[in-house]
Structure formats: structure tokens, C-alpha cells
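The values are calculated or read from the model by the stated rules, or taken from the named source; none is laboratory data. Source: prediction; values computed, not measured. Note that we place each Cβ from the backbone using ideal geometry, even for glycine, and neighbour counts take in every protein chain shown.
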Amino acid sequence: MKTIFITCFFNLVVRNLLETNFFNLLKQQEGIRIILLVPEKNKDFYQREFGAPNIIIEAIPFRPLSKINLLFHVLFWNLLSTYSKKIHKLVQRGKDHNYLRYIFNSLIAWTGSFGFVRNSVRFLDYRFTPGGGFDALFEKYRPDLIFATDLQDLRAQEFSDSYLVREARRRGIYSAGMGRSWDSMTTKGLLRTLPNIVVVQNTNIESWVINYHGVPKNRLRVVGIPHYDDYLVGQRSDRKEFMTRLGLDPARRYIFVTPPSDIWTGDKSFNKFLFNELAKLEEQTVIRLPLFGVLETGGFKPPAGMVFDVPQNVVKLEESMLRRSDDQHLANLIYHSAVVLTSPSSIILDSMIFDKPTVLIGFDGEKAKPFWDSLVRYYEYEHQREVIKNGKLSIAKSPEEMRDLLKSYLERPEQDGEYRKRVAEGACFKLDGKSGERLSNLLWNILTPTK
């Protein structure tokens, strides 16, 4: 019997891993026992959906960070030296005008670009941060492998992925870990504890982990994005049936829109302004509201041919629950659309997978904002900038430019197709629908090495 711990502290792990071919293949391996470590408040859900004779659900209670752990938590958050993190600091400075804090945090980030500093701080963290929180589980199950699915879990709580990896290291237990999403390695802080193997989704992320986190290349494994396997090889709904269900005319094309939530714009009037500008196109439009955060419509009444798609919404991203059926619905929305209009989000990647012309929202409503407060600042993040450059994506700087770009792509959707393919290949590592299989094989081979 081989036992593996898998962390599930962030609910998007359901969409990202548990409802993909990765988990289906792993749980079918003969002689495997999987222990899912989940938040105490969500145990019933995971038990109901994933519990099985060889899959055990263990609830992990919430416990606030100790003072020493909080100190290292904040330090590692600031040690990451990327342009994305510089933008974070510019935003904070713009809000509080605290130039001393900006300079101090910038100096910390600068020191984090040196390998000896990263290694020294990791050693101190390992040496002085107290452990023992998972002792009972280690003794009960004696795992052969730890798989941390969110190495940069930013919740201010004691029992995190990095905590578990650190405990595994102290016990001499092999560990593998990965970042939750495409932006984790450039926006979420320096990796606190390095597992034996760091799993990454593509070669861009691989280079960031090497350059920004100082992880040797021989400890990295590139597998792709498991939840995109279904996008690449899965079946999509019948267009006529799907559009009729949405209340749209199947004989006409539609624009798929994912507006930014008020969290990103900081302006409750923005989306009403955006919707009114879109209505001037007189095209069928599907507007998908965000998974988390609030989006104020300001009493906007959609005209005929404009519909809202409303997923289950939560206040905090960590509580977002995107099930396989929800993800398939999102895939259908993109697949059947003629063009995509979006803001800084992973919808950019989704649309590239389906070869959809994509326009990015790059204005802030009726009045321009300074860079640190503008929507366009997000497009300067490393993960966004790489995709925008490789995909030759257009950022609409005004409502008029937005409408012109959308009209152009509606008339000639084949424009920039070769660049979209380049982005899709870069994001997925391989467009073969086998990312989940690669990840499952990787973990199983660690558990059962060839002698």
C-alpha cells in the first residue's frame, strides 16, 4: 500500500485537479491510498463528492499564524523580486502615500533577487518556525509522498501547504508541489519551503521558478494544465441547443464578455458604463459575471440579445467552487462565441485554447486613472505581458477602440490565428490533452520507483 497526502485547502483544486483525468487515473492505481487534507468547514462536501474506500478525507482546522510564522509569512511575501510585485507596491504607495514603506519593501524585494539571501531566509524559517501540527496524521497514515497543490497558499493560517512540506522534510518524506495558477510564481511571494520536486504547468513558469525562486532545473517537472485536457479533447454542446438555452438566436453570432469585478476596478460605476458602450454594437452578447467579488450593474437593463450568465458567486476567491459541469459550461460559452472581450484574467488563456479572437479592456470608464489605479496595470504583470506579447493581443484604450476591434474580428475572425496557437501551445506545454496523465504518472512513478 502506497499512501499520498494531497492538500485541498483552496477550493479551486476541485476544478484544477480533482475533477480532471489526473485524479481519475491516480485513484485507480492498484495499491494506492489517497488522503485528501481539506478545510474543516468543507469536509462534508469533499466526503460526499470524493470519498471512497481508498480515498480518505481528513479535516484540517483553521488556526491563526503564530507570531514567528506571521513574521516569515510577511517576509516571504515581500522577498519576491518581480515586476508584478513592484506594481503591488506602487498600488499600495498610491493609496497610502507611505513612501518609507515603499522604499523599505522595495529593498527587501531587491535582496530577494540574491540566491544566498533566499537560501538563508529559508534556512531560518526551517530552523525557527515551530512544527508538529500534522504529527497525528503523519503517525496515523505514515505517507510515502506529499503533494502540495498550492505552494503559495496566502491564507494567514498555520496549517498550509508550505507548513506540510516543511514537516515532510523534517521527517525525510518525499514531497512534490505546484503553484495553483499561471500567476502564482510571479505574484504570490517567494516559495517558502522547496519540495523535492516542483511541478509547473509550462516552460514560461519553469523559467520564472528558476530565475525568481532559485529552484534548480533538475528539480522541476513540466506537465501542462490538467483541467485544459477537457477543453482540448472533450465534446462541446450542440450550438443550437446551447444558444437556445441561453435565450439567443442560434442563427446569429455572439460576443462573449467577462467584465472585471469591482475588486479590480475599484469603481462601482465602471461596468454599467461598459455595458452601455457594448449595447451600441447591437450584437448578441453574453456577459458572464465573476466567480468572486461584487459586480455592480447600476440598474442597467440589458437590451434584446444581451444576456447575463451568472455563476455561483462568493466573496473570497479561496471559497470559489468551479465544478466540472460549471467549467464545461464556461468552455461552451467560449467555444460557441465569435469573439471574446475580457479583462485581466485566465479567460485570456481559455479563449486562446479555442482559437477565439480576443480583445482586452484597457480603459477605466469615463475618466482616466493613474497607472497604479488603472485596469491596465494588470496587463504589465509577467504572466499577462507574456501572453499579450506572444498572442499580439489588442488592448482597447477607449470604448470606441473596443467597438472597432470587436467589429474587425467579427468580420475577419481568422486574424492573428497563428499567434493564438502560439499562446495555446505555450500555456498547455503540449496540446495533446494528456496533462493530467503526465501528472498522475509523475506522482505514481515517485511512489513506485523502478529498481
Looking at Pro226, Pro250, Pro260, which is the one that is touching a helix residue (DSSP H, G or I) at 6+ places or on another chain (Cβ under 8 Å), assigned to a loop (DSSP other than H, G, I, E, B) and more than 28 Å from Ile388 (Cα to Cα)? Pro250
Which condition number in (1) under 22 Å from the mean Cα position of the chain (by Cα); (2) acidic (Asp, Glu); (3) more than 22 Å from Leu274 (Cβ to Cβ) is the one that Asp416 fails? (1)
What pairs come out if I take residues in the range 330-343 that are over 21 Å from Leu375 (Cα atoms) and pair them with residues that are in a helix (DSSP H, G or I) and among the polar types (S, T, N, Q) whose C-beta lies under 6 Å away, six or more apart or interchain? Ile334/Ser351
Of (1) part of a helix (DSSP H, G or I); (2) of a type outside the set (Ser, Thr, Tyr); (3) at pLDDT below 95, Lys430 satisfies all except one. Which? (1)
Quick one: would you say Ser345 is at pLDDT 85 or above, of a type in the set (S, T, N, Q) and either in a helix (DSSP H, G or I) or touching a Pro at 6+ places or on another chain (Cβ under 9 Å) (or both)? yes
Among Glu30, Glu49, which is the only one that is in a loop (DSSP other than H, G, I, E, B) and either more than 27 Å from Arg166 (Cα to Cα) or touching a Phe, Trp or Tyr at 6+ places or on another chain (Cβ under 7 Å) (or both)? Glu30
Looking at (1) more than 23 Å from the chain's Cα centre (by Cα); (2) assigned to a strand (DSSP E or B), find the lone condition where Leu71 falls short. (2)
Counting only residues that are touching an Asp or Glu at 6+ places or on another chain (Cβ under 6 Å) and either in the same structural domain as Asp350 (by TED's automatic domain parsing) or closer than 21 Å to Arg63 by Cα (or both), which one in the range 146-186 is modelled with the lowest pLDDT? Asp153
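Residues checked against (1) of a type in the set (Ser, Thr, Tyr); (2) touching a strand residue (DSSP E or B) at 6+ places or on another chain (Cβ under 7 Å); (3) in the same structural domain as Ser346 (by TED's automatic domain parsing); (4) within 28 Å of Met321 (Cβ to Cβ):
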site: Ile263; (1), (2), (3), (4): no, no, yes, yes
site: Phe273; (1), (2), (3), (4): no, no, yes, no
site: Ala279; (1), (2), (3), (4): no, yes, yes, no
site: Ile287; (1), (2), (3), (4): no, yes, yes, yes
site: Pro290; (1), (2), (3), (4): no, no, yes, yes
site: Gly298; (1), (2), (3), (4): no, no, yes, yes
site: Ala304; (1), (2), (3), (4): no, no, yes, no
Is there a residue being in a helix (DSSP H, G or I), outside the structural domain of Leu375 (by TED's automatic domain parsing), of a type in the set (D, E, K, R) and within 28 Å of the chain's Cα centre (by Cα) anywhere in the range 99-121? yes
Single residue of Ile395, Ile347 found to be farther than 21 Å from Glu425 by Cα and either assigned by TED's automatic domain parsing to the domain that holds Asn271 or surrounded by 21 or more Cβ atoms within 10 Å (Cβ to Cβ) (or both): Ile395
Restricted to the range 164-200, and to residues that are in a strand (DSSP E or B) and of a type in the set (Ser, Thr, Tyr), which residue is nearest to the chain's Cα centre (by Cα)? Ser175
Restricted to the range 284-334 and to residues being more than 16 Å from Arg253 (Cα to Cα), of a type in the set (A, V, I, L, M) and in a loop (DSSP other than H, G, I, E, B), the residue modelled with the lowest pLDDT is Val315
